[in-house]
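One structure is given here, and the rest of the page talks about it.
What follows draws every value from the coordinates through simple rules; no lab data is involved. None of the values given here were measured: they were computed from a predicted structure. In this analysis, Cβ positions are derived from the backbone assuming ideal geometry, glycine residues included, and neighbour counts consider all displayed protein chains.
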Amino acid sequence: MPSSHTLQWLAKADEDIRVVELLHEAGGPWSMATYHLQQAAEKHIKAVLVELGIAPPKTHDLVRLLGLFPGTPPPQPVESAAALIGVYAWLTRYPGYPPIDETHFLNVQKEFEVIREWALKEIPVTNNP
């Protein structure tokens with residue numbers, strides 16, 4: 001069973017995912033939906049680090065976070081997804097950047113799922129004692 005600290009990170013990620021779901025149902029704003037996907041991806045990565053006994057630094061850099069894993073690095077699809085999603089920590093929150101439409105959001109969501117699925121495999125969450 002994962003540690004309580006790991007479960008706290010996953011619970012915060014679930015809050016971001018809920019915001020994404022609400023924004024998707026409402027038809028946007030897509031910039032904020034992609035921001036919350038980045039935040040959820042970050043929290044999933046940090047949860048895996050915490051489960052490994054590594055205190056995650058206060059950073060939004062997903063690639064940097066993946067670089068902290070000991071031994072075998074995460075699979076290439078996870079690293080690629082992190083590189084793509086990482087910019088949404090700041091890109092979507094400030095003026096002057098191109099708008100994000102639903103198609104763009106859906107592409108980012110697919111990349112998020114790569115990270116989420118990997119993280120949940122790394123942290124076997126079970127109700128069995």
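Pop a pseudo-label 7 angstrom from the Cα along the beta-carbon direction at both residue 125 and residue 91 and give the gap in nm to one decimal.
With each label placed 7 Å out from Cα toward Cβ, I get 2.7 nm.
Contour minus end-to-end for residue 26 and residue 55, with contour as 0.36 nm per residue of separation and end-to-end as the Cα-Cα distance? Intermediate results must be reported in sequence, preceding the final value.
Working: separation 29, 0.36 × 29 = 10.44 nm, distance 3.61 nm.
Going from the current span to full extension adds 6.8 nm.
Report the calculated FRET efficiency for residue 117 and residue 63 (r = Cβ-Cβ distance, R0 = 25 Å), to the nearest 0.05.
Working: r = 18 Å, r/R0 = 0.74.
With a Förster radius of 25 Å, E is 0.85.
Would you work out the charge dipole size for the stretch 4-122 about its Cα centre, treating the Cβ of every Lys and Arg as +1 and the Cβ of every Asp and Glu as -1, and quote it to the nearest 20 debye?
360 debye
Quick test of the membrane-span-like rule: which DSSP H helices of the chain reach at least 27 Å along their long axis (C-alpha atoms) with mean Kyte hydropathy at least -0.5?
Membrane-span-like by this rule: 4-26, 30-51.
Ranked from highest to lowest mean number of other Cβ atoms within 10 Å per residue, what is the order of the peptides 93-104, 30-41?
30-41, 93-104
Positive end of the dipole of the chain, charges at C-beta (+1 Lys, Arg; -1 Asp, Glu), about the Cα centre: which of 24, 106, 89 has its Cα farthest in that direction?
89
Among 92, 6, which comes first, second and so on when ranked by fewest other beta-carbon atoms within 10 Å?
6, 92
At 20 °C and a viscosity of 1.002 mPa s, what translational diffusion coefficient does Stokes-Einstein give for the chain, taking Rh as the Kirkwood radius over Cα pairs? Give it in µm²/s as a whole number. Provide the component values of the computation, followed by the final result.
Values: Rh = 14.9 Å.
It comes out at roughly 144 µm²/s.
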